[in-house]
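A quick write-up on the structure given underneath.
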């Protein structure tokens, strides 16, 4: 799924002629810490940051008089994974989308991005999720997929959490088309895999938002 498929064109960028007060109001209303600024040609030239704006004494000053941060953008033909990586790394609620010439095309909101990722990974569809923990030397998807499909299940989505300082193992989450995944879990355990969590459709529906937030943190691509 590409960025342009969830583009929001209702949110306008800031202009160099806008005041600091206007920028602060937009940042507060949209719950973000940076907001893009365009020049007279509609090209994104930087980001007005809350940190610098609150230091300006005269809020009637134009943004042309304020130091801007480097622009944070994603191309309209970029995959959603890259947009999610940038938004997570920079703690942005929304991010501007540009074309090849840096012309402003619209925005992506975090809520829309999470919903699109959930759709891409079938998080809200009928089925269940199994999370498997694996040591680094043992990591391979091929055997896991073979065991799961051997039991007659279809894999609707896969998410991989890479090892970290706190957790040196891989964690692989599979979304399956089965409501009852107990047979799959039993087979995986027989082959020596460690199951760290299971959830059926009802649990997934109740915890969709939490799982979407976890998913976006997994995407360290």
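Nothing in this text is a laboratory measurement; each read-out follows from the coordinates by a stated rule. All figures in this text were calculated on a predicted structure; none of them were measured in a lab. As a convention, Cβ positions derive from the backbone with ideal geometry for all residues, glycine included, and neighbour counts pool all protein chains shown.
The table below lists the values:
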{"item": "Computed lengthening from residue 41 to residue 111, 0.36 nm per intervening residue step minus Cα-Cα distance", "result": "22.3 nm"}
{"item": "Degrees separating the helix 110-120 axis from the principal Cα axis of the chain, which is the longest one", "result": "30 degrees"}
{"item": "On Cα atoms only, tilt of 20-29 relative to the major axis of the chain in degrees", "result": "20 degrees"}
{"item": "DSSP beta bridge pairing in the chain, given as percent antiparallel to the nearest 5", "result": "90 percent"}
{"item": "Folded to 0 to 90 degrees: helix 208-218 orientation relative to the chain principal axis, Cα", "result": "80 degrees"}
{"item": "Computed helical MRE - 222 nm, the chain, DSSP H runs ≥ 4 contributing -39500 (n - 2.57), nearest 500", "result": "-9000 deg cm²/dmol"}
{"item": "Separation of alpha-carbon centers, the range 21-35 and the range 70-136, rounded to whole Å", "result": "21 Å"}
{"item": "Calculated FRET value between residue 4 and residue 89, using beta carbons and R₀ = 22 Å, to 0.05", "result": "0.55"}
{"item": "Gain in span if fully extended, residue 101 to residue 155, counting 0.36 nm per residue against the direct Cα distance", "result": "15.5 nm"}
{"item": "Label selected from (1) 12.3; (2) 15.2; (3) 14.1, the criterion being mean projected area of the Cα convex hull in nm² as computed here", "result": "(3)"}
